[in-house]
Structure formats: structure tokens, C-alpha cells
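Student: Structure incoming, see below.
The values are calculated or read from the model by the stated rules, or taken from the named source; none is laboratory data. Just so it is clear, the structure is predicted and the values come from calculations on it, not from any experiment. In this analysis, Cβ positions are derived from the backbone assuming ideal geometry, glycine residues included, and neighbour counts consider all displayed protein chains.
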Amino acid sequence: MKQGYRITDVDTHILPSMELLYEHGSPALRERWSELTPYLRRVDQPIFGWGDADEPYHTLSVKPIPYERRFGESVRPEAVRAGAKGTLEGHTIPRLREPVEQGIQHANAAGRLRCMDREGVDRNVVIPGTFATAATALDVSLAKEMYAAYHRYLDAYCSTDADRLKATILAPGADPAWASEEIRRLGKKSWVAAVTPLLPEGLPVDDPDLEPIWQAMQEHDLPILHHSFFYEPPYFPGYRDVWGNMVVARTAAHPWGAQRLLAYLLLSGLFDRYPSLRVGFAETGAGWLPFWVHRLRMQAQYLRGSVPELRCDPVEYVQSGRVFAGIEFYEGEAIARTVIDTLGDGVLMYQSDFPHPQCAYPSSPDEILAWQGIGTTAMAKLLNGNAERFLRIA
């Protein structure tokens with residue numbers, strides 16, 4: 001708690017290392033570990049100060065696009081290869097005010113809780129690194145073994161304090177039956193707060209084969225938490241058309257991926273068939289949301305013959321408490337007020353990207369609390385209340 005407000009951070013990160021997945025893996029995963037060898041990237045010098053391990057480890061690097069083209073250069077083919085370094089490595093400028101404890105992105109859950117106390121944050125929703133989405137490009141049975149290992153890892157990590165450490169179940173769209181069984185197996189765990197559907201390239205969220213996932217989520221009152229990445233499979237929509245520049249790619253990737261997902265959720269009838277279904281967006285920002293849903297409403301009316309009968313229009317679904325979005329610090333108070341004025345005060349959530357370099361630990365909450373123009377009621381909802389309505393908080 002800080003300045004009298006409870007705080008839930010809906011965008012915080014863990015990796016974990018591939019060593020931890022191996023440790024929590026089944027005998028089947030360990031037997032097949034050699035199949036992952038081409039995709040293992042060794043990190044010899046863990047980054048001090050943002051929760052990394054204190055010794056070398058491996059990450060999963062499937063097919064990262066490097067986005068190496070500088071502004072003004074000629075376009076050249078992208079050197080995409082397995083096991084390459086992550087696109088952002090060496091390019092970000094940290095905003096951390098002080099270092100966080102080592103290992104909190106791996107196994108040091110107790111250290112994360114101490115950092116949360118230092119920051120005044122009551123609850124973290126932890127989101128994995130790019131291995132989760134990148135694995136959609138691997139053999140499905142191997143990917144499922146990694147997801148199962150990750151869930152066992154989460155059970156150990158979050159159980160350190162399941163009231164404060166929350167996470168999402170990974171639900172691979174390539175095997176909806178397995179995903180729905182995993183949701184039902186884990187659905188009553190107190191650390192489970194949402195589901196992250198992992199859709200391989202070419203599979204839309206309204207595909208009828210995915211119905212078992214939505215049914216299992218409905219049974220456990222679990223929402224969709226969408227957190228996008230931009231350089232590993234499944235690549236963001238339009239990735240071929242940014243001409244290889246990292247800044248343009250990352251700027252476009254997160255909101256465009258969120259816009260596409262939300263359009264299909266709002267217009268397909270999924271919200272009508274599953275009354276408790278909700279969706280929240282992390283690391284995509286929120287400024288795109290008013291423009292997008294108003295444009296969707298207009299297009300759905302103009303092209304009415306291409307849209308099924310719906311109980312609400314896109315704007316009404318958002319205003320009724322079905323859609324949530326984390327506000328980015330850089331968007332500022334003016335954009336926060338725009339979202340609140342156009343869609344209501346029940347949409348925005350607090351997110352910091354902790355402990356990644358984009359956060360301002362331990363001062364991240366202060367940047368939002370400095371906004372004086374949205375009022376105490378809207379501030380309380382932004383910092384915690386909306387997240388509690390969005391997430392399944394046991």
C-alpha cells in the first residue's frame with residue numbers, strides 16, 4: 001500500500017531460466033531436451049540490478065528477428081537464426097532508480113516480495129519471457145512439456161505468498177483439449193488469476209476449435225491476459241512491413257496485436273456466449289483503446305451484414321466491464337483522462353513492467369500517484385480496483 005492506496009501491478013516479469021524449466025520438467029521433457037539445444041542461448045554475464053540470476057544460465061531463442069536496420073539505411077534481409085541474442089539486448093536505457101534483488105526473475109520469490117514492500121505494491125501478476133510465445137513455433141508436444149514444467153515452476157514460485165504473487169495459465173491454441181485440461185487442473189490454485197492463450201501464427205482467436213479453452217475458463221471465472229512480444233514467433237501483425245527498424249517495430253507491435261485480438265473478441269460473439277469472459281492488455285498501453293472501439297463500432301454498423309447479431313456494440317462491451325488495459329507511464333495523465341472520459345473509470349489498470357528496465361523501481365507508483373486530475377475514486381480503481389474486478393482473485 002502507498003499513500004493509502006492498494007496497488008496491483010498487472011505487468012511484472014519472470015524469465016525463468018531454461019535450467020529451472022528442466023528442474024521442473026517431466027521425464028519426457030528431460031529425455032527430449034536435446035531437441036531444444038539449437039534454441040538455447042547461454043547468458044554468460046547476467047545483468048546486475050534487474051532481477052537476473054547471479055550466474056550463467058540459458059534462455060530459449062527460437063527465431064528472433066534482429067531488427068538491425070537504422071533509419072536511412074538501405075533495406076537488407078533479416079538474419080533470423082535459432083539461438084541468437086534477444087533483439088532488445090544492449091539497446092535499452094534502464095529507468096531503474098536502484099537495483100532490485102538478484103534472482104527475482106528466476107527462483108528468488110522472497111526477494112521479489114521484499115522489492116514489492118520497498119515499492120509499496122501489494123500484488124504482482126508475473127508474466128513469462130518470450131519462451132512462452134516462441135515455443136508456438138516448435139513441435140506441439142515438446143512445447144506442451146515446457147508449458148507443464150512452467151506451471152510446476154509457477155506453483156513453487158507463487159506459493160511463497162499466493163495472496164500477493166499471481167500468474168496466468170499458458171493455454172496453447174495448437175492443442176485446445178490439452179489446454180482446457182490444464183486450466184481445469186490448475187484452475188483452483190490460489191495463485192491462478194488469468195489465462196494467456198498462445199495462438200500459433202495463422203490461428204485467430206475466434207476459431208471454433210478453441211471453444212474448449214473458453215469453456216474451461218468460464219467454469220473457473222478466468223479472464224484472458226494478453227501480453228505481446230514483438231521479435232519472436234508468432235510475430236506481430238504487419239512485422240514484414242516495418243522495414244527492419246527496431247523502434248518502429250516495437251512501437252507498432254504491441255498496440256496492433258492488441259487491436260486485432262480485441263476486434264475478434266468483440267465482434268465474434270464470444271462475449272455473448274461466455275458471460276464471464278473478460279480480457280485485459282498488458283504492455284500495450286491504453287491510449288489506442290478509445291479510438292479503436294469507436295472505429296470498430298462504426299465499421300460494424302456500416303458493414304452490418306458481416307457481423308453476427310450481438311447484445312452490445314464494441315463501446316458498450318468495454319463500458320460494461322469486459323475490457324481492461326494497463327496504462328503506460330509515458331502516456332501520462334492526459335491520455336488516462338481521455339480513456340476515463342470516453343470509456344469510464346473501470347478500464348485502466350496499473351502496470352510498471354517490473355523489474356525490466358522500462359520500470360522506475362522503486363518509484364514507479366509515484367509516477368502515477370502524481371496525476372492530480374483524475375480524482376481519488378478513479379485513482380483507486382486504476383491502482384487496484386479494476387485489476388481486482390478483471391483478475392480472478394481467490
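Student: Would you mind stating whether A360 is of a type in the set (G, A, S) and in a helix (DSSP H, G or I)?
Tutor: Here the answer is no, as A360 does not meet what is asked.
Student: Let me ask you something else. Restricting attention to the range 141-162, report how many residues are touching a residue at least 40 places away in the same chain (Cβ under 8 Å) and closer than 16 Å to R112 by Cβ.
Tutor: 7
Student: On the given criteria, is G86 within 27 Å of G326 (Cβ to Cβ), modelled with pLDDT under 95, surrounded by fewer than 12 Cβ atoms within 10 Å (Cβ to Cβ) and not polar (S, T, N, Q)?
Tutor: It is false that G86 is within 27 Å of G326 (Cβ to Cβ), modelled with pLDDT under 95, surrounded by fewer than 12 Cβ atoms within 10 Å (Cβ to Cβ) and not polar (S, T, N, Q).
Student: What are the pairs with Cβ atoms under 6 angstrom where one residue, in the range 15-36, is assigned to a loop (DSSP other than H, G, I, E, B) and the other, located anywhere, is of a type in the set (K, R)? Sequence gap at least six, or different chains.
Tutor: Partner pairs satisfying both residue conditions: H24/R152.
Student: Taking the residues in the range 204-222 that are out of contact with any helix residue (DSSP H, G or I) (no Cβ under 8 Å at 6 or more places or on another chain) and outside any helix (DSSP H, G or I) as candidates, determine which candidate is farthest from Q259 (Cα to Cα).
Tutor: If we filter the range 204-222 for residues that are out of contact with any helix residue (DSSP H, G or I) (no Cβ under 8 Å at 6 or more places or on another chain), which is where we start, we get 207-208, 218, 221.
This time we only want the ones that are outside any helix (DSSP H, G or I), so: 207, 221.
Values: D207: 17, D221: 23 Å.
Result: D221.
Student: A follow-up question, please. Test A300 against the stated conditions and say whether it is surrounded by fewer than 16 Cβ atoms within 10 Å (Cβ to Cβ), of a type in the set (A, V, I, L, M), over 20 Å from the mean Cα position of the chain (by Cα) and at pLDDT 95 or above. Quick ask: steps written out before the conclusion?
Tutor: Details: surrounded by fewer than 16 Cβ atoms within 10 Å (Cβ to Cβ): no; of a type in the set (A, V, I, L, M): yes; over 20 Å from the mean Cα position of the chain (by Cα): yes; at pLDDT 95 or above: yes.
Taking the combined requirement at face value, the residue does not satisfy it.
Student: Among the residues of the range 310-324, write down those that are in contact (Cβ under 8 Å) with a residue 60 or more places away in the chain and outside any helix (DSSP H, G or I). If you could, list the steps in order and put the result at the bottom.
Tutor: The first filter runs over the range 310-324 and keeps only residues in contact (Cβ under 8 Å) with a residue 60 or more places away in the chain, leaving 321, 323-324.
Hits for the range 310-324 are V323, F324.
Student: Within the range 66-77, identify whether any single residue is touching a residue at least 12 places away in the same chain (Cβ under 8 Å) and either in a helix (DSSP H, G or I) or under 20 Å from the mean Cα position of the chain (by Cα) (or both), and answer yes or no.
Tutor: No, because not a single residue in the range 66-77 is touching a residue at least 12 places away in the same chain (Cβ under 8 Å) and either in a helix (DSSP H, G or I) or under 20 Å from the mean Cα position of the chain (by Cα) (or both).
Student: Can you name the residue in the range 349-380 that is of a type in the set (S, T, Y) and touching a Leu at 6+ places or on another chain (Cβ under 7 Å) and is also farthest from R123 (Cα to Cα) among such residues? It would help to see each step written out before you state the result.
Tutor: Within the range 349-380, the subset of a type in the set (S, T, Y) is 350, 352, 361, 363-364, 376-377.
Applying the additional criterion that residues be touching a Leu at 6+ places or on another chain (Cβ under 7 Å) yields 350, 361.
Details: Y350: 11, Y361: 15 Å.
Residue satisfying both the conditions and the ranking: Y361.
Student: What tally of residues in the range 67-93 results from selecting those that are within 17 Å of A137 (Cα to Cα), in contact with a helix residue (DSSP H, G or I) (Cβ under 8 Å, 6 or more places away or on another chain) and of a type outside the set (A, V, I, L, M, F, W, C)?
Tutor: 1
Student: Among the residues of the range 29-83, what is the count of those that are over 16 Å from I14 (Cα atoms) and of a type in the set (A, V, I, L, M)?
Tutor: 9
Student: P237 is checked against (1) within 16 Å of the chain's Cα centre (by Cα); (2) in a loop (DSSP other than H, G, I, E, B) and fails just one. What number does that condition carry?
Tutor: If we test P237 against (1) within 16 Å of the chain's Cα centre (by Cα); (2) in a loop (DSSP other than H, G, I, E, B), just (1) comes out false.
Student: For residues that are among the polar types (S, T, N, Q) and out of contact with any Phe, Trp or Tyr (no Cβ under 6 Å at 6 or more places or on another chain), scanning just the range 65-98, find the one that is farthest from C115 (Cα to Cα).
Tutor: Across the range 65-98, the extreme among qualifying residues is S74.
Student: In the range 163-179, which residues are free of Cβ contacts under 8 Å to residues at least 40 places away in the same chain and among the small types (G, A, S)?
Tutor: Scanning the range 163-179 gives A174, A177, A179.
Student: Evaluate the following for D341: is it more than 28 Å from F271 (Cα to Cα), surrounded by fewer than 16 Cβ atoms within 10 Å (Cβ to Cβ) and either of a type in the set (D, E) or touching a Gly at 6+ places or on another chain (Cβ under 8 Å) (or both)? Walk me through how you get there before you give the answer.
Tutor: Numbers: more than 28 Å from F271 (Cα to Cα): no; surrounded by fewer than 16 Cβ atoms within 10 Å (Cβ to Cβ): yes; either of a type in the set (D, E) or touching a Gly at 6+ places or on another chain (Cβ under 8 Å) (or both): yes.
Taking the combined requirement at face value, the residue does not satisfy it.
Student: Which one is modelled with the lowest pLDDT, of the residues in the range 93-121 that are part of a loop (DSSP other than H, G, I, E, B), farther than 20 Å from P16 by Cβ and not hydrophobic (A, V, I, L, M, F, W, C)?
Tutor: P94
Student: Based on this model, can you work out whether L29 counts as of a type in the set (A, V, I, L, M), over 26 Å from F354 (Cβ atoms) and surrounded by 18 or more Cβ atoms within 10 Å (Cβ to Cβ)?
Tutor: yes
Student: Under 7 Å between Cβ atoms, which residue pairs at least 6 apart in sequence (or on different chains) link something in the range 233-256 that is among the charged types (D, E, K, R) with a partner that is not in a helix (DSSP H, G or I)?
Tutor: Once the first residue is among the charged types (D, E, K, R) and sits in the range 233-256, its partners that are not in a helix (DSSP H, G or I) give R250/F230.
Student: For the structure I just gave you, tell me whether Y264 is part of a helix (DSSP H, G or I), touching a residue at least 60 places away in the same chain (Cβ under 8 Å) and surrounded by fewer than 22 Cβ atoms within 10 Å (Cβ to Cβ). So that I can check it myself, show each step before the final result.
Tutor: Working: part of a helix (DSSP H, G or I): yes; touching a residue at least 60 places away in the same chain (Cβ under 8 Å): yes; surrounded by fewer than 22 Cβ atoms within 10 Å (Cβ to Cβ): yes.
Against the criterion (part of a helix (DSSP H, G or I), touching a residue at least 60 places away in the same chain (Cβ under 8 Å) and surrounded by fewer than 22 Cβ atoms within 10 Å (Cβ to Cβ)), Y264 qualifies.
Student: Could you check how many residues of the range 331-365 are free of Cβ contacts under 8 Å to residues at least 40 places away in the same chain and either closer than 27 Å to G51 by Cα or of a type outside the set (D, E, K, R) (or both)?
Tutor: Number satisfying all stated conditions: 4.
Student: Turning to a different aspect of this structure: Hey, can you tell me all the residues within the range 161-185 that are in a strand (DSSP E or B), among the aliphatic types (A, V, I, L, M) and more than 21 Å from T136 (Cβ to Cβ)?
Tutor: L165, the sole residue that qualifies.
Student: All but one of (1) of a type outside the set (D, E, K, R); (2) crowded, with 17+ Cβ neighbours inside 10 Å; (3) not in a helix (DSSP H, G or I) hold for W243; which doesn't?
Tutor: Against the list (1) of a type outside the set (D, E, K, R); (2) crowded, with 17+ Cβ neighbours inside 10 Å; (3) not in a helix (DSSP H, G or I), W243 comes up short only on (2).
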